[in-house]
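Have a look at the structure below, then the notes.
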Amino acid sequence: MTSFYVSSIRSLLLGAALVLGHTAAAQDDLLNQLEQETKTEVKTDFATGTFKGTRIVNGHSVETPAQGSMLFLIGHRFGTLNSGAYNFFGLDQATIRLGLEYGINDRVAVGIGRSSLDKTFDGFVKYKALRQHTGPAASPVTVTLLASSTLTTLKFPVGADRSVGKRMAYSYQALVARKFSPSLSAQLMPTLVHRNLVDKPTDNNDVYALGGAVRQKISRRVALTAEYYYVLSEHTSEQFRNPVAFGFDIETGGHVFQLHFTNANGMVDPLFIPRTTGNFWDGDIFFGFNVARSFGIGHRKE
């Protein structure tokens, strides 16, 4: 009888051990599953290609060149379409800007350029402070900060102050963009332009403006773009027009072609935000284009 009880107890203990082992294994499987789901949930997904170029039309986009990439840009504006057949509807006239931009890393870029308008040199620093992403501490927008300066080398009238300081102008922007879908992106551009020298004592040295832009893809390689700056400074807004532009982005391999129509012929902030004179709706429209080509010249991030 004693051996019967011992055998029964052993069987019970063995059964309990099997049940507990099976329960522990099931708990481990459940914990592993929860861990995998947690890992999936916290994955960070960054928005890319909010705009296809570092420029929208005249102004900057939130985009910067990739680390180690050098971008060569050609900006071109013909004359106004309403200049008549004698000027071949503006094609006989031209304003051009040549520029280089380099990505120090994926967030910081620097650039230089030279415009034929007022024989102007420009330079800038661009910092992508915030990237739109999902996941932990998700951000609904991309924010890029921009600081630029220009130097005009145009000959001043005899007797005028020709110092370098008087020839300088500066601009500061916070570029705030959101990619709403693979096809639609929008951007806001609060802007301050400071000019050391103005034409008249009543002109604003500091010009405030608020810009807005949108990009809508219509095919895999073509997108429509629009850009507008509303000048807030009173004296400047009374004498000049708000810059407006419409265009197309066309992707072709390593190139991005941007064809556009705008009432501004300047291609850096101090030359078009506070100085646009053309009335777009009266035909003072400059047809132009931007062409960008990227070259890898440094250590590129894998």
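The values are calculated or read from the model by the stated rules, or taken from the named source; none is laboratory data. All figures in this text were calculated on a predicted structure; none of them were measured in a lab. Neighbour counts run over all protein chains shown; Cβ positions are idealised from the backbone, glycine included. All accessible areas refer to the heavy atoms of the entire protein, side chains included, with ligands and DNA or RNA removed. Shrake-Rupley method; radii C 1.70, N 1.55, O 1.52, S 1.80 Å.
Does F72 satisfy the condition of being over 21 Å from P243 (Cα atoms), open to solvent by 20 Å² or more (accessible area, probe 1.4 Å) and out of contact with any strand residue (DSSP E or B) (no Cβ under 6 Å at 6 or more places or on another chain)? Walk me through how you get there before you give the answer.
On the way: over 21 Å from P243 (Cα atoms): yes; open to solvent by 20 Å² or more (accessible area, probe 1.4 Å): yes; out of contact with any strand residue (DSSP E or B) (no Cβ under 6 Å at 6 or more places or on another chain): no.
When the stated conditions are applied, F72 does not pass them.
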*Across segment 234-248, what is the number of residues that are open to solvent by 10 Å² or more (accessible area, probe 1.4 Å) and either within 10 Å of V57 (Cβ to Cβ) or of a type outside the set (K, R) (or both)?*
10
*Just checking, how many residues over segment 197-217 are out of contact with any Leu (no Cβ under 6 Å at 6 or more places or on another chain) and open to solvent by 50 Å² or more (accessible area, probe 1.4 Å)?*
10
*In segment 96-128, what count of residues is obtained for those that are over 20 Å from I297 (Cα atoms), polar (S, T, N, Q) and open to solvent by 20 Å² or more (accessible area, probe 1.4 Å)?*
1
*Count, please, the residues in segment 128-144 that happen to be out of contact with any Ser or Thr (no Cβ under 6 Å at 6 or more places or on another chain), free of Cβ contacts under 8 Å to residues at least 24 places away in the same chain and within 21 Å of S61 (Cβ to Cβ).*
2
*asked:* Return the residues of segment 254-282 that are surrounded by fewer than 20 Cβ atoms within 10 Å (Cβ to Cβ) and either of a type in the set (S, T, Y) or touching a Pro at 6+ places or on another chain (Cβ under 7 Å) (or both); say none if nothing qualifies.
replied: T277
_Suppose we filter segment 170-195 for residues that are outside any strand (DSSP E or B) and either open to solvent by 50 Å² or more (accessible area, probe 1.4 Å) or closer than 16 Å to S139 by Cα (or both); how many remain?_
3
*State which residue pairs qualify: first residue of a type outside the set (K, R) and inside segment 79-92, second residue open to solvent by 100 Å² or more (accessible area, probe 1.4 Å) and part of a helix (DSSP H, G or I) in any location, beta carbons under 7 Å apart, and separation of 6 or more residues or different chains.*
L81/F89; S83/F89
